[in-house]
Amino acid sequence: MTTKLLSVLSLLVVVASSTAAQVKRVELIKEESSITYRLVHPLHTIEAVSKDASYRLDIDEAKREIRNVSVQVDVTTFDSGNSNRDSHAMEVIDALSFPHVTFSSATITQNGGSVAVVGNLTFHGVTREIVVAAVSKWSQNKLEVRGSFNVSLTAFNIERPSLLMIPVEDTLRFAFAAAFGWK
């Protein structure tokens, strides 16, 4: 009986270690990756891009599955092409007190190339659960992920800026493109 128990335990250890060995962390290809936000006002639309996000992505290459993702971006790295507008945006979101936006996945559901990630977004010192819709494209030693999500400014305790006494829409739209590689 003791030999049988040791055999079963050994088998469990082998199975557990082989399962864990399939998950690997992949490296961001920074020059192929960006995050863009879009803010809409009745008189104009503002878009700003950051190419400076930090990602941590774990995949199961054999199953072509994303297992875990976390992202952090410094809010001051977003560039709309207008430094005055960007400075005002940093004032509105209190960038000195809240310099980073972070996201960490809780669950990831995949169906072919479609990916739905539920996780926690921390923005302006407030953490809320959000759903990120994405599309993944796998090739040998490379994964490209494109997606989007919306956040409510007021849900994150951000006062909506106004132009000519008309506030911007409450919805801040984010889109991202991220490429990852491995050997």
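The values are calculated or read from the model by the stated rules, or taken from the named source; none is laboratory data. Here the structure is a predicted model, which is why all the values come from computation and not from measurement. Cβ atoms come from the backbone with ideal geometry, glycine included; neighbour counts cover every protein chain shown.
Some notes on this structure:
- Counting the residues of the stretch 165-177 that are of a type in the set (Gly, Ala, Ser) and in contact with a helix residue (DSSP H, G or I) (Cβ under 8 Å, 6 or more places away or on another chain) gives 1.
- Residue ranges of strands (runs of 3 or more DSSP E) in the stretch 90-139 with at least 1 members loosely packed, with under 14 Cβ neighbours inside 10 Å and of a type in the set (Lys, Arg): 126-139
- Any hit, the stretch 106-115, residues being small (Gly, Ala, Ser) and closer than 22 Å to residue 54 by Cβ: yes
- Top-ranked residue in the stretch 73-89 [being within 16 Å of residue 176 (Cβ to Cβ) and of a type in the set (A, V, I, L, M); ranked as surrounded by the fewest Cβ atoms within 10 Å (Cβ to Cβ)]: 75
- Filtering the stretch 151-161 for residues that are more than 22 Å from residue 50 (Cβ to Cβ) and free of Cβ contacts under 8 Å to residues at least 40 places away in the same chain leaves a non-empty set.
- The stretch 165-183, subset in contact with a His (Cβ under 9 Å, 6 or more places away or on another chain) and in a loop (DSSP other than H, G, I, E, B), residue farthest from residue 88 (Cα to Cα): 169
- Condition met for residue 101 (under 19 Å from residue 33 (Cβ atoms), in contact with a helix residue (DSSP H, G or I) (Cβ under 8 Å, 6 or more places away or on another chain) and modelled with pLDDT of 95 or more): yes
- If you go through the stretch 60-71 and pick out every residue that is on the phi < 0 side of the Ramachandran plot and loosely packed, with under 15 Cβ neighbours inside 10 Å, you end up with 3.
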